[in-house]
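These notes are about the structure you will find just below.
Read the figures in this text as sums done on the coordinates, not as results from a lab. Fair warning: this is a prediction, and the values are worked out from it, not measured in the lab. Please note: Cβ atoms are built from the backbone with ideal geometry, for glycine as well, and neighbour counts cover all protein chains shown.
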Amino acid sequence: MSSRLVVVSNRVADPRKTAAGGLAVALADVLKNTGGMWFGWSGKIVEGGAPGEGELRTQQAGPVKLATVDLSREDHDAYYLGYSNGVLWPVFHYRLDLADFDTGYIAGYRRVNQLFARKLQALLKPDDIVWVHDYHLIPLAAELRALGCNHRIGFFLHIPLPPPLMLAAIPGHDWLIRALFAYDLVGFQSNADFGHFARYVESEAHAVPVDEGRWRAFGRTVQAGAFPIGLDVEEFTLLTHAPEAREMHERMKREYSRRRLLVGVDRLDYSKGLPQRLRAFRELLTKFPESRSTATLVQIASPSREDVDAYTDILHELESLCGSINGNFGDLDWMPVRYIHRTVARARLPGLYRASRVGLVTPLRDGMNLVAKEYLVAQNPEDPGVLVLSRFAGAAEQLREALLVNPYDVEGTAAAIQLALAMPLEERRERHELLMRALRQHDVHWWCDGFLAALGKTMAEEKGTPWLRL
Ligand code: ADQ
């Protein structure tokens, strides 16, 4: 590709350092190969700073230019805590009950997108291709276009898109979706999300279909599609066989030699279905006495967005559930649940996954869920564990050979866990092989190349439409 790639996301990671998550690793990888620019918030909050203002800093990290902007306290609270994580995150995860529709948030959200657009535009070269990521930045292209920017711009939503009527509960939803028409390509994690978008634009925005996955509305045409994000299978395999993961694997095997391990690894978030998972585990211990004193659940829940109220509630609920399960079922030499409220270093995760007979990935709603994919890649193909996966994770569209469950159905989930624990070796191998085939075929490079190729094919649009009014 001769054009420079410019990636924009809320947070920016230094490609020279070990990144925490799959996505940061993947994006850093693409940028390293193409020598592009990564633009986003610096993570710094300026107390008493002027709203809509923030210092821009650039630095060269190998072939990648990192450009970051600071945010004032007021902007951070409205854009990040308020609109992004208090409105869009809950509603997009089907949790209208947790949304806080404070009218001040949307103005702050827009102000920061305008700030980013101004700072970014000054750095853009004529042939740059811009790839914007996630719900924090939905109106960014519209703000760039309002400044006269005619670049090819793509958007990828990492979280789910809810059905039209749920989306329509957001005051200003029409403004949000209109903003998506400023992009040349809009990508979703799953066919379900893409279907919701298609239904919304036709029923609520009266967009006219012009071609497969292509609609015209608000004087522009947008292309949309499902681009399920994959894992860097090669990188994660290497990580699995590296000393840190091996050491972790051996330690877990030694420590739990008489137990059968179940593992859950999540950010502590209400979308991840953690209380439901613990209730299903409690049900397993109640219904299937053979699991008592053997099945041990290791649940890692890394701290996340602790300044948002709903997160403190879930933290307390989890602590109380773990306490009561351990109190009621535990024994002097057996603690049924090991709950760890901490982040585990990425290098050690594969060792933990590999030592676990069952991987529990049971979100109530999830865009994709990369933990499900990481769990599978880390398994020993000769003696693999079993993935119990929520049908409401985007990953369930691809990983059909996992044991799919409805996480709201505590009894059904417990029965599936029991099935996983008892599954014969041959069936485990067969399922794992088929799942790995899908993961290798649709890895992160396939995702990236597919999205950028589709963006490259979109047709040039009319120039400078002045078209976003809040
Ligand atoms: P997240 O909600 O953050 O991401 P997920 O895909 O599950 O969720 O995890 C991302 C990364 O974080 C994984 O690489 C995982 O290993 C790591 N991680 C999670 N919990 C951890 C823990 N306790 N300790 C250490 N590492 C941990 C959003 C969407 C997802 C989508 C991704 C990528 O919500 O649905 O899959 O973006 O598009």
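Test of understanding: what is the full-extension gain from E319 to F101, defined as 0.36 nm times their sequence separation minus their Cα-Cα distance?
Extra length available between E319 and F101 comes to 75.6 nm.
Above 30 Å lies some portion of the pair distances; for the stretch 233-442, what is it as a whole percent of all C-alpha pairs?
15
Select from the stretch 326-411 those chymotrypsin sites (Phe, Trp or Tyr not before Pro) which occupy a DSSP coil region and have at most 16 other Cβ atoms within 10 Å, ordered by residue number. Numbers along the way, then the final one.
Working: sites: F329, W334, Y339, Y353, Y375, F392, Y408; in loops: F392, Y408.
Within the stretch 326-411, the qualifying chymotrypsin sites (Phe, Trp or Tyr not before Pro) (loop, at most 16 other Cβ atoms within 10 Å) are Y408.
So which trypsin sites (Lys or Arg not before Pro) in the stretch 80-125 are both in a DSSP loop and have at most 16 other Cβ atoms within 10 Å of their Cβ?
Loop-located and lightly packed - none at all.
Distances longer than 26 Å among the Cα atoms of the stretch 1-145: what percent of all pairs is that?
On the way: 2674 of 10440 pairs.
Within the stretch 1-145, distances greater than 26 Å cover 26 percent of Cα pairs.
Please return the longest range in the chain lying between exposed loop sites, taking GluC sites (Glu not before Pro), DSSP loop only, at most 13 other beta-carbon atoms within 10 Å, and leaving the sites out.
Numbers: sites that count: E47, E55, E212, E306, E382, E462.
Value returned for the longest uninterrupted segment is 56-211.
What share of the DSSP beta bridges in the stretch 233-442 is antiparallel, in percent to the nearest 5? Write out the running numbers ahead of the final one.
Details: 1 of 23 bridges.
The antiparallel proportion sits near 5 percent.
Would you give the gap between the C-alpha center of the stretch 427-443 and the C-alpha center of the stretch 287-337, rounded to a whole Å?
Rounded to whole Å, the Cα centres lie 30 Å apart.
I need the per residue convex hull volume for the chain, using only the alpha carbons, in cubic angstrom as a whole number.
140
What does the helix-only formula give at 222 nm for the chain: each DSSP H stretch with n ≥ 4 adding -39500 (n - 2.57), the total divided by the residues, and the result rounded to the nearest 500 deg cm²/dmol?
Numbers: 16 runs with 183 residues, N = 470.
Dividing the helical sum by the residues of the chain leaves -12000 deg cm²/dmol.
Helix 444-457 against the longest principal axis of the chain: what's the angle in degrees, Cα atoms only, rounded to the nearest 10?
Helix 444-457 and the main axis of the chain meet at about 20 degrees.
What would the Debye equation give as log₁₀ I(q)/I(0) for the stretch 356-406 at q = 0.15, 0.21, 0.32 Å⁻¹, counting only Cα atoms as equal point scatterers?
-0.33, -0.64, -1.32
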